[in-house]
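Structure record follows, encoded as structure tokens.
The values are calculated or read from the model by the stated rules, or taken from the named source; none is laboratory data. Just so you know, these numbers come straight off a predicted model, no measurement behind them. Glycine also receives a Cβ, built like all others from the backbone with ideal geometry; neighbour counts cover every protein chain displayed.
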Amino acid sequence: MASLIEGQARPIRLADIAKAAGVSHGTASNVFSRPEIVRAEVRERVKAVAEAMGYAGPDPKGRLLRAGKVNAIGVASTEPLSYFFDDPFARVMMAGISEACDATGAGIALVSAQNDEKLAWNIQSALVDGFILFCIEGGPRLVELTRERRLPFVALAVGFDDDTISMIGIDNVAGARLAARHLSELGHRRFAVLSLPFVDGSTGLVTPGRLGTALYTA
């Protein structure tokens, strides 16, 4: 946080540093943003004045606003932050996203909250150029909040049809049908389906009641 001008209730600004160091505002700005173009003695003088006055440098948010680009992608979910590190699907997806961002020099910002009000605030305040939405849970609300931000986004595993948004998903029904057909053609008749843990933590054979609540039917 910037220090305050003595006797005044306002933070120290770059203009104050420039004046105290006896240089132009542009030169003082270059010391922090493009130091390689400033003479060493001038650079050191400005930095010494800034340190003495408790000035850490220009607010990065201001630079980002002026540039109009953050060079970061937001990855959003209605799950807690631990989901990105604990869930097998999320870990694989994050590995792919990280690889793509590494190739372009972009950063990643994780955006999540189980509380609707906090989720809305986090999406609205995230310093990103666009979003990738993990829509495993709470997809419609996640899409709604992101649309309000008016930034480009792609939704993963939406679970509902919406021709107005860009989405990436897996046809689970077709995939299961192909797997079952392959086993059947090999002569197998008794199949076991292994899954990730259920939300309620139950284990063992699936009951008829749970089958009745399946999201997908063949």
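Report, ordered by the first and then the second residue, all pairs with beta carbons closer than 7 Å, sequence separation of six or more or different chains, a first member in the range 74-96 that is over 23 Å from Asn115 (Cα atoms), and a second member that is surrounded by 18 or more Cβ atoms within 10 Å (Cβ to Cβ).
Qualifying pairs under 7 Å: Met93/Leu156.
Would you confirm whether or not the range 189-207 contains a residue that is outside any loop (DSSP other than H, G, I, E, B) and either closer than 24 Å to Gly138 by Cα or more than 36 Å from the chain's Cα centre (by Cα) (or both)?
no
Is it the case that some residue within the range 113-125 is in contact with a helix residue (DSSP H, G or I) (Cβ under 6 Å, 6 or more places away or on another chain) and touching a residue at least 40 places away in the same chain (Cβ under 8 Å)?
Yes, some residue in the range 113-125 is in contact with a helix residue (DSSP H, G or I) (Cβ under 6 Å, 6 or more places away or on another chain) and touching a residue at least 40 places away in the same chain (Cβ under 8 Å).
So Val173 fits all but one of (1) out of contact with any Phe, Trp or Tyr (no Cβ under 7 Å at 6 or more places or on another chain); (2) part of a helix (DSSP H, G or I); (3) modelled with pLDDT under 90; (4) surrounded by fewer than 13 Cβ atoms within 10 Å (Cβ to Cβ); what number is the exception?
Single failed check for Val173: (1).
Within the range 108-125, can one find any residue that is farther than 30 Å from Thr27 by Cβ, of a type in the set (Gly, Ala, Ser) and buried (at least 17 other Cβ atoms within 10 Å of the Cβ)? Step through it out loud before you land on a result.
Keep residues of the range 108-125 that are farther than 30 Å from Thr27 by Cβ, which gives 108-125.
Imposing the further condition that a residue be of a type in the set (Gly, Ala, Ser) reduces the set to 109, 112-113, 120, 125.
Retained after the next criterion (residues that are buried (at least 17 other Cβ atoms within 10 Å of the Cβ)): 112-113.
There is at least one residue in the range 108-125 that is farther than 30 Å from Thr27 by Cβ, of a type in the set (Gly, Ala, Ser) and buried (at least 17 other Cβ atoms within 10 Å of the Cβ).
Counting residues that are among the charged types (D, E, K, R), which helices (runs of 4 or more DSSP H) fully inside the range 79-151 reach at least 2?
Fully inside the range 79-151 and qualifying: 88-104, 116-125, 139-149.
Go over the candidates Val154, Val143, Val173, Val128 one by one and state the one that is under 15 Å from Ala76 (Cβ atoms) and touching a Ser or Thr at 6+ places or on another chain (Cβ under 9 Å).
Val154
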